[in-house]
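Novice: To start, I am sharing the structure in question, which I have written as structure tokens.
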Amino acid sequence: MRLVFAGTPEVAVPALEALLASERHEVAAVVTRPDAPAGRGRKLVASPVAQRAQEAGIEVLKPNRPRDEDFLVRLREIAPDCCPVVAYGALLPRVALDIPAHGWVNLHFSLLPAWRGAAPVQHAVMAGDEVTGASTFQIEEGLDSGPVYGVITETVRPDDTSGALLDRLARSGAGLLAATMDGIADGTLKARPQPAEGVTLAPKITVDDARVDWTGPALRVDRVVRACTPAPGAWTLFQGERLKLAAPVKPLPDRADLQLAPGELAVTKSAVYAGTGSYAVELTEVQPQGKKRMRAADWARGVRIASGERFDGAGA
């Protein structure tokens, strides 16, 4: 098939690579979000997908909105058979969806209908799911509600951050998307409607969502930190300043000697412990506001934590 691939971040690059490597399909062009400011100089930088497409000598389309007439005219001229999509980042209007004969097929990082939305991997980690996966489905105007072509599953490891899990899903999902294109081309693969039961939503994780609630159980604290790593980064307040918490945060159910109230801190020469609503956790690395990431013990020495001090807002 003649394809136009739509995607923007690094997580979409493995799927583009898989389609470029396919001997059965031609990637005629790539659609991606416009260049965005990045780095200290805030210079405009092309997306990872745009950069890879340029390396491959493929036409890159960067519409401000996918309903822009110039973009729609060019897409009709290219006349793709199908448009595979991975994390493009913009809603597609019906007028665009109707252009390719086989529509737009999205690679979504969950087992649909679970975790429809922008942050499926983060929500799976935060919820403590033991198994997740990826799905390819036909895009329609509803939120990730279209019929499904295929799925792959992936075990969520106890120490997985959302970044590590998404990296694995991006690689295995790339093969699923390529296989889906093969099946559509052959006419051997038919999309099946999603079940009405089991729908869960995965909206974008906000900065407020990433704040650690120390009154929650240790397992919840651990999941929030892992789910928010690398972005937006779990955090708490200490002496009025934001402190980011790096994964892992180690739950310590067997440390009966650490009887700490929620958010209460205990410090040794080599470790920092914090109380939760159940049992204590050990902090491994932190990032104070305006500073680089560092070992929690080094941070604690620098701020000279007194006995009984707590993270702000963690309790009386």
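The values are calculated or read from the model by the stated rules, or taken from the named source; none is laboratory data. Here the structure is a predicted model, which is why all the values come from computation and not from measurement. Glycine gets a Cβ as well: all are built from the backbone with ideal geometry, and neighbour counts include every protein chain shown. The accessibility values were calculated without ligands, DNA or RNA, using every heavy atom of the protein model including side chains. Shrake-Rupley method; radii C 1.70, N 1.55, O 1.52, S 1.80 Å.
Novice: What distance in nm separates the two pseudo spin-label positions at Arg24 and Glu140, each 7 Å out from Cα along the beta-carbon direction?
Specialist: 2.6
Novice: Now a separate question. Evaluate E = 1/(1 + (r/R0)^6) for Ser278 and Arg76, where r is the Cβ-Cβ distance and R0 equals 51 Å; express this FRET efficiency to the nearest 0.05.
Specialist: The value I calculate is 0.30.
Novice: To continue, here is another question. Using only the alpha-carbon atoms of the range 1-87 as identical scatterers, what base-10 log of I(q)/I(0) does the Debye formula give at q = 0.15 Å⁻¹?
Specialist: -0.53
Novice: Can you work out the PRE-style zone for Ala185? Point 7 Å along Cα to Cβ, and I want the residues of the range 1-43 with backbone N under 13 Å.
Specialist: 1-4, 18-28
Novice: To continue, here is another question. Could you state the accessible area per residue of the range 162-282 in Å², with a 1.4 Å probe and every protein chain left in place?
Specialist: 48
Novice: Which of Ser145, Pro34, Phe109 sits farthest toward the positive end of the charge dipole of the range 1-146, with +1 on the Cβ of Lys and Arg and -1 on the Cβ of Asp and Glu?
Specialist: Pro34
Novice: Checking the cross-link filter: which lysines have an alpha carbon closer than 22 Å to that of Lys43, excluding same-chain neighbours under 8 positions apart?
Specialist: Candidates past the 8-residue exclusion: Lys62.
Novice: Check Gln194: other-chain or 5+ apart residues with amide H under 5 Å from its amide H, H built from backbone geometry?
Specialist: Result for Gln194 returns Val148.
Novice: If you take the beta carbon distance between Asp98 and Ala196 as r and set R0 to 25 Å, what does 1/(1 + (r/R0)^6) give as a FRET efficiency, to the nearest 0.05?
Specialist: Efficiency, rounded to the nearest 0.05: 0.45.
Novice: Along the range 37-44, what does the Karplus equation 6.51 cos²θ - 1.76 cosθ + 1.60 (θ = phi - 60°) give for ³J(HN,Hα), rounded to whole Hz, x for Gly and Pro?
Specialist: Whole-Hz 3J(HN,Hα) from phi for the range 37-44: x, 8, x, 5, x, 6, 7, 5.
Novice: Now a separate question. Suppose we keep just the DSSP beta bridges with both residues in the range 202-316; what percent of those would be antiparallel, to 5?
Specialist: 95
Novice: Sticking with this structure for a sec: If I model a spin label as a point 7 Å beyond the Cα along the Cα-Cβ vector, how far apart are those points for Ser307 and Asp159 in nm?
Specialist: 3.4
Novice: Roughly how many Å is it from the Cα centre of the range 1-46 to that of the range 92-132, as a whole number?
Specialist: 18
Novice: Please work out the average accessible area per residue across the range 1-147, using the 1.4 Å probe convention, and give it in Å².
Specialist: With all protein chains present, the range 1-147 gives 44 Å² per residue.
Novice: Additional query: Stretch Asp213-Arg67 to full length: gain in nm at 0.36 nm per residue minus the Cα-Cα span?
Specialist: Full-extension gain reported as 48.4 nm.
Novice: Can you give me the distance in nm between label points at Val131 and Arg255, each placed 7 Å from the Cα along the Cα-to-Cβ direction?
Specialist: 3.4
Novice: A follow-up question, please. Among Ala191, Leu252, Thr284, which residue has its Cα positioned farthest towards the positive end of the charge dipole of the range 173-292, with +1 placed on the Cβ of Lys and Arg, -1 on the Cβ of Asp and Glu, and the dipole taken about the Cα centre?
Specialist: Comparing the listed Cα positions along the dipole, Thr284 ranks first.
Novice: Continuing with the same structure: Rounded to a whole number, what % of the accessible area of the range 181-278 do carbon and sulfur atoms account for, probe 1.4 Å?
Specialist: 53
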